[in-house]
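To start, the structure under review is shown below, and the notes come after it.
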Amino acid sequence: METKNIMIVGVGGQGSLLASKLLGHLLCQEGYDVKVSEVHGMSQRGGSVVTYVRYGDKVYSPIIDKGEADYIISFEKLEAARWVSCLREGGRIITNIRETDPMPVITGATEYPHEVLNSLEGKGVSIDQLDALALAEEAGSQKAVNIVLMGRLSKYFDIPTEKWTAAIEECVKPKFVELNKKAFELGRNSK
Amino acid sequence: MKKLMLGNEAVARGLYEAGCRLVSGYPGTPSTEITEAAALYPEMYCEWAPNEKVALECAFGASLKGARAACTMKHVGLNVAADPLYTLSYTGVNGGLVVCVADDPGMHSSQNEQDSRHHAIASKVPMLEPADSAESREFTMAAFELSEKFDTPVLLRMCTRISHSQSLVEVGERADVPLKEYVKNPQKYIMAPANAIRRHPVVEERMEALTEYAEDCPLNRVEYAADGNRELGIICSGTCYQYVKEIFGDNANVLKLGLVNPLPVKLIIDFAFSVNRVVVIEELDPVIENHCRSMGLDVEGKDKFPIVGEFSQNLIRRVLGMEVPESTSADEQIPVRPPVMCAGCPHRGLFYTLAKNKVTVIGDIGCYTLGSAQPLNAVDSVLCMGASVAGIHGFNKIGEGQNKTVAVIGDSTFMHSGMTGLVNISYNDSKSTVIILDNSITGMTGHQQNPTTGYNIHGDPATKVDLEAFCRAIGINRVRVVDPYDLDACDKAIKEELAADEASVIISRRPCVLLKSVKTKAPLTVDTDACRGCKKCMKLGCPAIHMENGKAVIDATLCVGCGVCEQLCAFGAIREN
Ligand SMILES: Cc1ncc(C[n+]2csc(CCOP(=O)(O)OP(=O)(O)O)c2C)c(N)n1
């Protein structure tokens, strides 16, 4: 199988590490060769963060380059737009619609492009937009945005739901399993 | 069973399996997780050292005693540890000694982009470079073998993309490696001139033997294209090997170097003659390329590839004249999202006060480097760890202005290399003002303990350096502590200490707000009727505050109720809920 590419992007501190852990775990269980790359350090402090998940028969490069991503999972609207150049032709963005202002917007040096996803759709980019924060709150915690997005992503995979939930059980602390399973369901069933 | 592991975790696993007994490190992205992961194996003694020189010397001590030992650091840390390294090359080892160093091409979290291979060459120490997590484990174990076989410390070169990528690793058991006997051997271990002069030829002979070894060692390998096409041959190592394989799959002629110092001669020449054209693909400096040229080989390299920044599959495709995949981008300007001080960061109040007082700030490295960003804009220079305290002394020795200049340094950085600078201020009397930003943790690298925190690497209680007593003991009479959440107190302290006619230290003390032990308060709110939209609170650069319709708004999901903005608001519009 050719290598498949999933990017997880967001703002440092939003919990992308759990999402990539879950995917890494699941894809290993499915018998794929897997690489997961993230940058730790400085960028955690409210900066733009990106994680690369790649899987297939044999994965070489640890990173996903321009025009290569099958899916971009975004925790924040602007970040989805920032990384769109990595999307391959026919790829799909799955994004939370919430906005988090970066410092240059906060200081008034520049403006937040609120309509950016709509104009990308206008250019033919496939985008699933969902209010992942509202769904996470419905599941019981704002922190579950990551798993809501994983639920949505799971719709595009041939992997049965039980395997996803098994991976959730493996990757989160026992007391948060139920909450995260609910978040996963809400994401999966979202329109 | 195969496990998904970070390159750094795989190095730790390699240390464990190789029977390593001691690991000493100083945190630094992207190397930090090696020591953190090693500390999870109770069979190894692990610690955070105050700096990299201490870490390497500690590992040297364990090696001298006969144990396998390792130390860890980022690339610039190797500069700090260079002094022991260069002479350890002369003494050699007793138990195997491995120095793990992580480079950061692309400078994801570093102040420079130096190539640590130069240290390997200059210190005449062998260096191994793995290309994924499985190799990170294997090469770590091989490094110990080489270290003992050739009686030398061995460098293990990691880089961001290998350290911070997870890939599959087949793990094994821990080897039972007995302690070697410690035998007093002055000719080998006392590097006074008379002995050292006899050790230098040993080093040169060892490099020759290692070069010989490089010719057919399993760390270096040639892969020929499955399709039989011998037009292009590529020489590479580490991440670049992965990019090349990504592009060509099995249809590449590749010489993959795992031992990057010393480099083989015959192996390279034979490879070069087996293909029509040789391209060296290496990030940072043309080390392999220059070696090829020194042998008279006509190779391509930095004439096409950049010296600056990191590579990727598309960069290599483009340079080699191949097609890159199509991609779209947004028409709108996408604002940058730089890292910022967290909401409630204790550094903020202090930097606000420095900016307000228009003080020249000789800065240092840590989360507080972010005090240089907009809108605080409160830092004048950042060079390397410790340079603030040492630098202000020189700054103040030249001309006027010592009552307008401060040095700022974090607690970990002060322990690392700020202390000696402060001794110089005291001893050579520059009347400088030094601010130690004590947030009770090594913040920037992701919360490691240090000698000022009172805990060791396992989180167990440890001796806590008393900063006030330390400063007084070296001769600083004016030492005071302020709470950076208290803007008036900060202002008073800074004004008074700058005015004083002797050296002084202000300890700005409040734990990092991200520490689990810190109890945050309820978020504050803005009374929109009282808010006049003066934007004074916006001067703090707090990510939790923004303007909406001319009024300040506080994001309740980010605000931790630190109250610094509340003190700034002249209209009492910011309040507890
Ligand atoms: C020689 C060297 N070693 C390690 C690092 C990585 N590093 C950058 S800042 C820092 C320490 C920051 O801790 P501290 O001084 O306590 O400040 P904080 O981030 O907590 O504000 C480290 C270890 C470096 N830049 N240079």
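The values are calculated or read from the model by the stated rules, or taken from the named source; none is laboratory data. Small disclaimer: the values here were computed from a predicted structure and weren't measured. Using ideal geometry, Cβ is built from the backbone for each residue, glycine included, and neighbour counts are taken over all protein chains shown. All accessible areas refer to the heavy atoms of the entire protein, side chains included, with ligands and DNA or RNA removed. Shrake-Rupley method; radii C 1.70, N 1.55, O 1.52, S 1.80 Å.
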**Study point:** For A:53-64, mean number of other protein chain Cβ atoms within 10 Å
**Key:** 6
Check your understanding: Cα-based Rg (one decimal) and Dmax (whole number) for chain B, in Å?
Key -> 26.7, 82
Check your understanding: With the solvent-accessible surface defined on protein heavy atoms using a 1.4 Å probe, which residues belonging to the range B:328-355 display a reduction of at least 50 Å² in accessible area in the multichain context relative to the isolated chain?
Key -> B:328, B:332, B:334, B:335, B:337, B:339, B:340
Point to revise | Cβ charges +1 (Lys, Arg) and -1 (Asp, Glu), total dipole of the range B:2-214, debye | key: 520
Check your understanding: What is the spread of the Cα atoms of the range B:242-385 along each of their three principal axes, largest first, in whole Å?
Key -> 67, 41, 23
Review point. For the range B:347-509, what mean projected area does the convex hull of the alpha carbons give, in nm²?
Key: 8.7
Check your understanding: Quick one: of the DSSP bridges fully inside the range A:4-189, what percent are antiparallel, nearest 5?
Key -> 50
Revision key, fill the gap. For B:57-67, B:396-406, A:149-159, ranked highest to lowest by mean beta-carbon neighbours within 10 Å, the order is B:57-67, A:149-159, B:396-406
Review point. Add -39500 (n - 2.57) for each DSSP H run of 4 or more in chain A, then divide by its residues: what number comes out at 222 nm, to the nearest 500 deg cm²/dmol?
Key: -11000 deg cm²/dmol
Revision key, fill the gap. Sorting B:72, A:3 on solvent-accessible surface, 1.4 Å probe, most exposed first, gives A:3, B:72
Practice item. Taking chain B as the reference, fit the longest principal axis to its C-alpha atoms, fit the long axis of helix B:52-64 to the helix C-alpha atoms, and give the angle between the two in degrees, 0 to 90, nearest 10. Key: 40
Review point. Could you name the aspartates and glutamates in cross-link range of residue B:521, using Cα to Cα under 15 Å and dropping any fewer than eight places away on the same chain?
Key: B:555, B:566, B:576
Check your understanding: What value, in deg cm²/dmol to 500, does the helix sum -39500 (n - 2.57) over DSSP H runs of n ≥ 4 give at 222 nm once divided by the residues of chain B?
Key -> -9500 deg cm²/dmol
Revision key, fill the gap. Mean per-residue count of partner chain Cβ within 10 Å for B:164-171 equals 6
Review point. When the Karplus curve 6.51 cos²θ - 1.76 cosθ + 1.60 is applied with θ = phi - 60°, which whole-Hz ³J(HN,Hα) does each residue of the range A:166-176 get, with x for Gly and Pro?
Key: 4, 5, 4, 4, 6, 9, 10, 4, x, 6, 9
Revision key, fill the gap. Rounded to whole Å, √(5λ) for the Cα gyration tensor eigenvalues of chain A, largest first, gives 24, 20, 16
Revision key, fill the gap. Of the accessible area of the range B:69-185, computed with a 1.4 Å probe and all protein chains kept, carbon and sulfur make up a percent value of 52
Review point. Across the range B:221-319, how large is the tail of the calculated P(r) beyond 17 Å, expressed as a percent of all Cα pairs?
Key: 45
Check your understanding: If contacts are Cα pairs under 8 angstrom and at least 6 residues apart, what is the relative contact order of the range A:88-191 in percent?
Key -> 30
Review point. Cα extents of the protein assembly as shown along the three principal axes, largest first, in whole Å?
Key: 80, 69, 49
Practice item. For residue B:431, enumerate residues with amide H under 5 Å from its amide H, sequence gap 5+ or separate chain, H modeled in the peptide plane. Key: B:503
Exercise for review: State, as an integer percentage, the relative contact order of chain B based on alpha-carbon contacts under 8 Å between residues 6 or more apart.
Suggested key: 11
Check your understanding: Alpha carbon centre of the range B:558-577 versus the range B:290-328: separation in Å?
Key -> 54
Practice item. Report the Stokes-Einstein translational diffusion coefficient (µm² s⁻¹, integer) for the range B:524-576, Rh taken as the Kirkwood radius over Cα pairs, at 10 °C with viscosity 1.306 mPa s. Key: 149
Study note, to complete from the structure: DSSP beta bridges in the range B:347-509: the antiparallel percent, rounded to 5, is 10
Check your understanding: Within the range B:180-236, which chymotrypsin sites (Phe, Trp or Tyr not before Pro) sit in a loop by DSSP and count at most 14 neighbouring Cβ atoms inside 10 Å?
Key -> B:182
Review point. How large is ³J(HN,Hα), in whole Hz, for each residue of the range B:151-165 in order, when computed from phi with the Karplus curve 6.51 cos²θ - 1.76 cosθ + 1.60 and θ = phi - 60°, using x for Gly and Pro?
Key: 6, 8, x, 10, 8, 10, 9, 9, 8, 3, 6, 8, 4, 9, 10
Check your understanding: Normalised by the number of residues in the range B:347-509, what is the relative contact order in percent for Cα pairs under 8 Å and 6+ residues apart?
Key -> 23
Study note, to complete from the structure: On complex formation of B with A, accessible surface lost, both sides summed, probe 1.4 Å, nearest 100 Å², amounts to 4600
Review point. Cα centroid distance between the range A:1-42 and the range B:238-282, in Å?
Key: 29
Exercise for review: Can you tell me the 0 to 90 degree angle between the C-alpha axis of helix B:82-91 and the longest principal axis of chain B, rounded to 10?
Suggested key: 30
Review point. Of B:53/B:180; B:245/B:304; A:21/B:74, which ones are farther than 21 Å apart at the Cα?
Key: B:53/B:180; A:21/B:74
**Study point:** Rounded to 10°, Cα long-axis angle of helix B:7-17 versus longest principal axis of chain B
**Key:** 60
Practice item. In square nanometres and to one decimal, what's the mean projected area of the convex hull around the Cα atoms of the range B:2-214? Key: 10.8
Point to revise | Peptide B:371-377, shielding by other chains (average Cβ, 10 Å cutoff) | key: 2
Point to revise | Packing rank of B:538-547, B:481-490, B:232-241, where each peptide gets the mean count of other beta carbons within 10 Å, highest leading | key: B:232-241, B:538-547, B:481-490
Exercise for review: Sticking with the crude label model, points 7 Å out along Cα→Cβ, report the distance from residue B:251 to residue B:295 in nm, one decimal please.
Suggested key: 2.8
Point to revise | Ordering of B:3-15, B:87-99, A:161-173, B:371-383 by burial proxy (mean other Cβ atoms within 10 Å per residue, highest first) | key: B:3-15, B:87-99, B:371-383, A:161-173
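For the range B:303-354, what value does the Rg/Rh ratio take when both radii are computed over Cα atoms and Rh is the Kirkwood radius, given to two decimals?
With Rh from the inverse mean 1/r over Cα pairs, Rg/Rh is 1.26.
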**Study point:** In sequence order, calculated HN-Hα J values of the range B:441-450 (Karplus, 6.51, -1.76, 1.60; Hz; x Gly/Pro)
**Key:** 6, 8, x, 3, 8, x, 6, 9, 6, 8
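Of the GluC sites (Glu not before Pro) in the range B:146-235, which ones lie in a loop per DSSP and count no more than 13 other C-beta atoms within 10 Å?
In loop regions of the range B:146-235 (DSSP not H, G, I, E or B), the sparsely surrounded GluC sites (Glu not before Pro) are B:173, B:181, B:231.
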Exercise for review: Set the Förster distance to 45 Å, then compute FRET efficiency between residue B:83 and residue B:173 from the Cβ-Cβ distance, nearest 0.05.
Suggested key: 0.75
